[in-house]
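Structure first, then comments.
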Amino acid sequence: VTPDYKGWMLFFYDNGKCAKVPLSSYETKQNRRKLLKAYSDKAELAIFTTNNRLLLVGSALIPEKTTRDTAGVSVVALKKNAKIARVTLAEGLELNDAPRYRVRTLPAAGAILKDDDRAEQLTL
């Protein structure tokens, strides 16, 4: 629930772009459904691509856009035929060498995911 409409929404597109839109652009005087757990104002995001690359990006690096229908800015420099596969919070990832994947400027290609970082956690 956001009673004050502070913070941002991040929209990722498979072409490597991301739009960071302030929640204030969604504020209306009409009653509407509440957005639950819709954003995090300070988060490190893990962006996985289809060509086996990973980027760790701080949400503060993504510039804010003022309109809701923005096409976004380039976050991931993608190779031909590559796309963003998924975006998650980096908080729960168990990476052996996290600084290897962390980027300081955008757009970035990221680093190739190592085998020991790629292993999925086994469950019974």
State whether one or more residues within region 17-35 are among the aromatic types (Phe, Trp, Tyr), surrounded by 14 or more Cβ atoms within 10 Å (Cβ to Cβ) and at pLDDT 90 or above. no
Scan region 43-56 and give yes if some residue there is surrounded by fewer than 16 Cβ atoms within 10 Å (Cβ to Cβ) and free of Cβ contacts under 8 Å to residues at least 24 places away in the same chain, otherwise no. no
Name the residues in region 104-118 that are assigned to a helix (DSSP H, G or I) and surrounded by 15 or more Cβ atoms within 10 Å (Cβ to Cβ), would you? ASP117
State all residues of region 76-93 that are assigned to a strand (DSSP E or B) and modelled with pLDDT of 90 or more; if no residue qualifies, say none. VAL76, ILE84, ALA85, ARG86, VAL87, THR88
With the requirement that a residue be of a type in the set (A, V, I, L, M), in contact (Cβ under 8 Å) with a residue 12 or more places away in the chain and farther than 18 Å from THR50 by Cβ, what does region 104-121 give you? LEU106
Since THR66 meets every condition but one in (1) within 18 Å of GLU44 (Cα to Cα); (2) open to solvent by 80 Å² or more (accessible area, probe 1.4 Å); (3) β-branched (Val, Ile, Thr), which condition does it not meet? (1)
When region 89-103 is examined, which residues are found to be closer than 12 Å to GLY58 by Cα and either free of Cβ contacts under 8 Å to residues at least 40 places away in the same chain or open to solvent by less than 60 Å² (accessible area, probe 1.4 Å) (or both)? ALA90, TYR101, VAL103
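The values are calculated or read from the model by the stated rules, or taken from the named source; none is laboratory data. Note that the structure is a prediction, hence the values are computed from the model and not measured. Cβ sites come from the backbone with ideal geometry, for glycine too, and all protein chains shown count toward neighbours. Note: accessible area is taken over every heavy atom of the protein model, side chains too, but ligands, DNA and RNA are not part of it. Shrake-Rupley method; radii C 1.70, N 1.55, O 1.52, S 1.80 Å.
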